[in-house]
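Laboratory data are not the source of any read-out in this text; all were calculated from the coordinates shown. In this text the structure is predicted, and so the values were computed from the model without any measurement. When we count neighbours, we look across all protein chains shown, and the Cβ atoms used for this are built from the backbone with ideal geometry, even at glycine.
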Amino acid sequence: MKRPPGLKLYPALLSSQDIHNILQRPELPQSRPECPQLFRLFGDFGGKEASTPSPWMLEWGTRLQEQGFFSTTPNQYRLCDWIGDLSAQFKWHIDNKRHGKEILVISLTDQRRIGFRPPTGRGYYSVELNAGDAYLMRGASRWQWEHCVLPSGQSRSGGKSFILSAH
């Protein structure tokens, strides 16, 4: 199946050192069976409870805007740990408009699989990401094609990711 319109892939956008530095941050959710947590939200989510972004997140947002990934500075940041049953609960969806026009997802772990299903609902396009790879969604890939994390491996994990979005 062909790639959805508005989906751009960026292999090795971040270096292994960048990934290591992000994974060491205390803000990253550490899912444990006794206290599972899929997302940690930072920034402006239109009234939804979120923490203030850390300086390192804002630095990445500015850097990525300067590199042309965003037309405005990102105002939403999410750190995710797509582990086990939590990942399986996050079904096929079309994004919520409150998350802005552009969203960049950076994989922090290897072998993350993301699926995109066309409006017809038949078949899907998938992409496998390794740590440092990223994808940017705009237009039809966000608003017309459904997408989801496709859990894989023995742990049924979707891996870890750092997500930035801008209005």
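Listed values for the range 73-83 are Karplus-derived 3J(HN,Hα) couplings in whole Hz (6.51 cos²θ - 1.76 cosθ + 1.60, θ = phi - 60°), namely 5, x, 10, 10, 9, 10, 10, 10, 10, 7, 9, and x replaces Gly and Pro.
Only DSSP H runs of four or more residues enter the estimate; each adds -39500 (n - 2.57), and after division by the residues of the chain the mean residue ellipticity at 222 nm equals -4500 deg cm²/dmol. A simple spin-label model places the labels of Lys8 and Trp92 2.7 nm from each other, with each point 7 Å out along Cα-to-Cβ.
Working note: Debye formula, equal point scatterers on the alpha-carbon atoms of the range 97-167, no solvent; log10 I(q)/I(0) at q = 0.15, 0.19, 0.20, 0.24 Å⁻¹ is -0.51, -0.80, -0.87, -1.12. Across the range 139-148, rounded Karplus estimates of 3J(HN,Hα) from the backbone phi angles (6.51 cos²θ - 1.76 cosθ + 1.60, θ = phi - 60°) give x, 4, 5, 9, 9, 10, 8, 6, 8, 6 Hz, Gly and Pro being marked x.
Using θ = phi - 60° in the Karplus curve 6.51 cos²θ - 1.76 cosθ + 1.60, the 3J(HN,Hα) couplings for the range 45-58 round to 10, x, x, 6, 4, 8, 7, 6, x, 6, x, 5, 5, 4 Hz; x is entered for Gly and Pro.
For the range 1-139, a simple Cβ point-charge model (Lys and Arg +1, Asp and Glu -1, everything else neutral) yields a dipole of about 680 debye relative to the Cα centre.
Could you put Lys2, Lys8, Lys101 in order, starting from the residue whose Cβ has the fewest other Cβ atoms within 10 Å?
The fewest-first ordering by Cβ neighbours comes to Lys2, Lys8, Lys101.
Residues whose amide H falls under 5 Å from that of Ala166, counting only those 5 or more places apart or on a different chain, are Asn75, Lys101, Glu102, with hydrogens built in the peptide plane. Taking 7 Å steps out from each Cα toward its Cβ at Arg40 and Ser126 produces label points 3.0 nm apart. Please say if the range 55-138 is rounded, prolate or oblate, where rounded means a/c under 1.5 for a ≥ b ≥ c the square roots of the C-alpha gyration tensor eigenvalues, and otherwise the choice is prolate for a/b larger than b/c and oblate otherwise? Cα axes put the range 55-138 in the prolate bin. Of the listed values (i) 71, 58, 39; (ii) 42, 39, 33; (iii) 44, 36, 30, identify the label whose number matches Cα extents along the principal axes in Å calculated from this model. After the calculation, the listed value that fits is (ii). Counting Cα-Cα pairs of the range 1-81 in 10 Å increments starting at 0 gives whole-percent bin shares of 15, 39, 36, 10, 0.
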